[in-house]
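One structure below.
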Amino acid sequence: MSEHFAFRLIGTDGAARRGEITMPRGTIRTPAFMPVGTGGTVKAMYLDQVRDLGSDIILGNVYHLMLRPGAERVARLGGLHEFARWPYPILTDSGGFQVMSLANLRKLDETGVVFRSHIDGSAHTLTPERSIEIQGLLDSDIQMQLDECVRLPAERAEIERAMELSLRWAERCRVAFGDQPGKAMFGIVQGGDQIDLRIRSAERLAALDLKGYAVGGLAVGEPQDVMLATLDETLPVMPAEKPRYLMGVGTPDDILQSVARGVDMFDCVMPTRSGRHGLVFTRFGKVNLKNARHADDPRPLDETSDCPAARDYSRAYLHHLVRSDELLASMLLTWVNLAYYQSLMAGIRAAIEAGRFAEFFAETKDGWARGDIPAR
């Protein structure tokens, strides 16, 4: 562990990067997938399980935690690490995306956002300064700037307005964050699908000399090829010596494609949300356990998996749990998905170090293309 925040590249293979972030609460191996612990928990999982699967860091969310149980309460109880019994690094989302997507009766201006809670209708104000204050009360290790995320497709004028506002908010967040030894604030590149706006955002954020940079506002309605084309043009403009985080992404294929372009960090609710709805990700691709074809299938999902949920339970039993709406279905299938995501990340890291990322990429895609293992 380090008393300071630091990022170093261990190796590269093409544009793919193998690195590590060191900070007081632990080392984050990159490329990294961060399970989403929105309200202080990764849904349907014990955090000890999450750690055992290989997670170095989890994500918490300002919007949800400020509404319930409240940032000041979490602070009085020792901070989010103590509250949730997770002594390792935590990244907190600024809350901006959730304000835009979940809150009622929101009003946005230069100062910040005034909104009503989706829980009880209570009024709240979120400014760049308040977002950083909340993240400090939560005691998170990596704190994100407040930004405005525009859903795509959108008019260029609207995308440019939100991007410029996000840049001004980044400067205010940097001042509010100040100097916090061992912690980091990341800026967020915006600009929608407008490449020149993305480049402008990336260049101006780089001038702030922050400790890391994220790409936001993707995987919000645009096709994958648009997302990847945006990354192709944006990532080369972002500082190579700083970690690069692609927010809210995504599927295993999204991750594989984005690593190939130089992304270091990911988060997404997909593995946990999909697990709660009967869909699992495996080295054979996606398996929908709601389908009746699994009802009499005694095979496990993957007999070679290190995850007991994938290796030791029959598809018939998992299908029964899903169709019966049993709580155990969510627990086991979320376990399967997070295990696969972390296994994928471990394979990516090893392949980059060995200089065989292209082969790993092709082998992984081939496994998905072949599909589910056939019945005996």
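Residues VAL269, VAL280, VAL150, ranked from the fewest to the most other C-beta atoms within 10 Å, line up as VAL269, VAL150, VAL280.
Structural descriptor for segment 6-268: relative contact order 18 percent, calculated from alpha carbon pairs under 8 angstrom and at least 6 residues apart.
From least to most packed, judged by other beta carbons within 10 angstrom and beginning with the fewest, LYS107, LYS211 follow the order LYS107, LYS211. Shape analysis of segment 53-112 yields a ratio of the Cα radius of gyration to the Kirkwood radius, Rg/Rh, of 1.05. Put +1 on the Cβ of every Lys and Arg and -1 on every Asp and Glu Cβ in the chain; which of ALA207, MET345, HIS118 then has its Cα farthest towards the positive end of the dipole? Going by the Cα projections, it comes out as HIS118. For segment 254-299, the direction-averaged projected area of the alpha-carbon convex hull comes to 4.2 nm².
Straight Cα distances below 17 angstrom link LYS286 to the aspartates and glutamates ASP253, ASP254, ASP297, ASP302, GLU303, GLU363, ASP366, ASP372, with same-chain residues fewer than 8 positions distant left out. The magnitude of the dipole of the chain, with charges of +1 and -1 set on the Cβ of Lys/Arg and Asp/Glu and taken from the Cα centre, is near 600 debye. Each stretch of four or more DSSP H residues adds -39500 (n - 2.57); spread over every residue of the chain, this sum gives -12000 deg cm²/dmol at 222 nm. Taking a straight line from the alpha carbon of LYS211, these lysines sit under 26 Å away, with near neighbours fewer than eight places off in the same chain left out: LYS183, LYS242. Of the residues ASP48, ASP193, ASP141, the one that moves most in a GNM of the chain with alpha-carbon contacts below 10 Å is ASP48.
Per-residue 3J(HN,Hα) values for segment 57-66, derived from phi via the Karplus relation 6.51 cos²θ - 1.76 cosθ + 1.60 with θ = phi - 60°, read 7, 10, 10, x, 10, 4, 4, 5, 6, 5 Hz in sequence order (x marks Gly and Pro). Inverting the pair-averaged 1/r between distinct Cα atoms of segment 244-376 gives 15.3 Å as its Kirkwood hydrodynamic radius. All other residues whose Cβ lies under 12 angstrom from that of LEU321 are scored, Lys and Arg at +1 and Asp and Glu at -1, for a net of +2. Across segment 298-306, rounded Karplus estimates of 3J(HN,Hα) from the backbone phi angles (6.51 cos²θ - 1.76 cosθ + 1.60, θ = phi - 60°) give x, 6, x, 5, 7, 5, 9, 5, 7 Hz, Gly and Pro being marked x.
Charged side chains reduced to their Cβ positions (Lys and Arg at +1, Asp and Glu at -1) give segment 275-370 a dipole of some 280 debye around its Cα centre. Full extension of the segment from THR251 to LEU328, taken as 0.36 nm per residue of separation minus the current Cα-Cα distance, would add 25.4 nm.
Here the Karplus curve 6.51 cos²θ - 1.76 cosθ + 1.60, taken at θ = phi - 60°, turns the phi angles of segment 163-178 into couplings of 5, 5, 4, 4, 5, 5, 5, 4, 5, 5, 5, 4, 5, 5, 5, x Hz, with x standing for Gly and Pro. The long axis of helix 224-234 is offset from the longest Cα principal axis of the chain by roughly 40 degrees.
The order of GLU164, GLU203, going from fewest to most other C-beta atoms within 10 Å of their C-beta, is GLU203, GLU164. Summary of the geometry: segment 311-376 and segment 100-154, compared by the centres of their Cα atoms, lie 35 Å apart. Per q in 0.09 1/Å, what log10 I(q)/I(0) does a Debye calculation on the alpha-carbon atoms of the chain return? Debye intensities relative to I(0), on a log10 scale: -0.51. Contact order, relative form, for segment 275-370: 33 percent (alpha carbon pairs under 8 Å, 6 or more residues apart, mean separation divided by residue count). Using the Cβ-Cβ distance between TRP368 and ALA157 with R0 set to 56 Å, the FRET efficiency works out to roughly 0.90. Straight-distance candidates among the lysines for linking to LYS290, with alpha-carbon spacing under 25 Å and chain neighbours fewer than 8 residues away dropped: LYS43, LYS365. Remark on ILE10: its backbone amide H falls under 5 Å from those of ARG18, GLY19, GLU20, a criterion applied only to residues 5 or more positions apart or on other chains, H modelled at 1.01 Å from N.
Only the coordinates and a few stated rules stand behind these numbers; no lab work does. Here the structure is a predicted model, which means the values were calculated and not measured. All Cβ positions, glycine included, derive from the backbone under ideal geometry; neighbour counts span all protein chains shown.
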